[in-house]
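One structure is given below, encoded as structure tokens.
The values are calculated or read from the model by the stated rules, or taken from the named source; none is laboratory data. Keep in mind that this is a model prediction, so the values were computed, not measured. Reconstructed Cβ throughout: ideal geometry from the backbone, glycine too, with neighbour counts over all protein chains shown.
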Ligand code: SAM
């Protein structure tokens, strides 16, 4: 029924919009199902038809390519929705990896669903997951934060909002901005945080460099901007470990200058403990002192 490589047989593909992942470097990182869908689609929407053309010719696929990107999306969406309404089978691809992930497509998927059309994922490569799994950083909880703002002030402000996220953070970055972004990450998240820079994943010069944010920032400041495409990852904030003794000492200090509730809030934040528990302990300490 289905086949990959040159000379595919036609496959039965239901009407709908297919969000198809393509390689992030190594051309062989494409699924058999992705090749089936791209061969069978009535239209393949591509971020850049020249890039898509190379992929199609590598696999001997004669796709009907048309451009879909941020600059023509608003104009193209009504035409695409009407093709879907006519029973069209439409595939969406980006230049690399998974569409919608720091790439166009979100509005199209949203509008297609609103109009009652089927949307099918055809999963595959994405730099964020490739970077995560080779980083050595915790993968049980992570947050993808896309590209950071290009200017340092806005970048630091964005990082402030991510500082306490209790998981690995994943960012996309370019070579020329890498060193200054790492320096801002170190300044806001703390230079001792463990981190990794994953570069040219699945390609010839693939490299994942691990270290603290400070050591990585220093390395790229000295070495200069690296070539190629980059994922930055930072480990979660260090868990604060405090003993009951630390809690009591901090509470006694705080109670000297603050009302009980404020003291509990401030100590709970400082030690990373639940406010309710800290408040209960503050009440106990106060009654012990009064007795
Ligand atoms: N949609 C893509 C995906 O699923 O990964 C990402 C598209 S985004 C416009 C491009 C960014 O992804 C690059 O600037 C880089 O940060 C990252 N990236 C893409 N390919 C990569 C690779 N092979 N190695 C490292 N990072 C990569």
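Based on what the data block shows, is residue 132 buried (at least 17 other Cβ atoms within 10 Å of the Cβ) and either at pLDDT below 95 or closer than 23 Å to residue 235 by Cα (or both)?
yes
Could you list all residues from region 194-205 that are within 11 Å of the ligand (Cβ to nearest atom) and touching a residue at least 60 places away in the same chain (Cβ under 8 Å)?
Residues satisfying the conditions are 198, 200, 201, 202, 203.
So which strands (runs of 3 or more DSSP E) are wholly in region 89-193 and hold at least 1 residues that are under 14 Å from the mean Cα position of the chain (by Cα) and within 11 Å of the ligand (Cβ to nearest atom)?
142-147, 168-174
Search region 219-246 for residues that are over 22 Å from residue 208 (Cα atoms) and pair each with any residue that is more than 16 Å from the ligand (Cβ to nearest atom) and part of a loop (DSSP other than H, G, I, E, B) when their beta-carbon atoms are under 6 Å apart and the residues are at least 6 apart or on different chains.
Taking only residues 6 or more apart or on different chains, the pairs are 240/272.
Given the structure, is residue 20 closer than 23 Å to residue 145 by Cα, surrounded by fewer than 21 Cβ atoms within 10 Å (Cβ to Cβ) and in contact with a strand residue (DSSP E or B) (Cβ under 8 Å, 6 or more places away or on another chain)?
no
Being without any contact (Cβ under 8 Å) to a residue 12 or more places away in the chain and touching a helix residue (DSSP H, G or I) at 6+ places or on another chain (Cβ under 7 Å) is the filter here, so list the residues in region 100-153 that pass it.
First pass over region 100-153, keeping only residues without any contact (Cβ under 8 Å) to a residue 12 or more places away in the chain: 106, 110, 113-114, 116, 129, 133, 149, 151, 153.
Residue satisfying the conditions is 149 alone.
Restricting to region 33-76, name every residue that is under 18 Å from residue 89 (Cα atoms) and in a loop (DSSP other than H, G, I, E, B).
41, 42, 47, 61, 62, 63, 64, 68 - these are the residues of region 33-76 that are under 18 Å from residue 89 (Cα atoms) and in a loop (DSSP other than H, G, I, E, B).
Does residue 233 count as under 30 Å from residue 127 (Cβ atoms) and either out of contact with any strand residue (DSSP E or B) (no Cβ under 7 Å at 6 or more places or on another chain) or buried (at least 18 other Cβ atoms within 10 Å of the Cβ) (or both)? It would help to see each step written out before you state the result.
Details: under 30 Å from residue 127 (Cβ atoms): yes; either out of contact with any strand residue (DSSP E or B) (no Cβ under 7 Å at 6 or more places or on another chain) or buried (at least 18 other Cβ atoms within 10 Å of the Cβ) (or both): yes.
Considered against the rule, which asks whether it is under 30 Å from residue 127 (Cβ atoms) and either out of contact with any strand residue (DSSP E or B) (no Cβ under 7 Å at 6 or more places or on another chain) or buried (at least 18 other Cβ atoms within 10 Å of the Cβ) (or both), residue 233 comes out as yes.
Can you tell me which condition residue 71 does not meet? The list is (1) touching a helix residue (DSSP H, G or I) at 6+ places or on another chain (Cβ under 9 Å); (2) without any contact (Cβ under 8 Å) to a residue 24 or more places away in the chain, and all the others hold.
(1)
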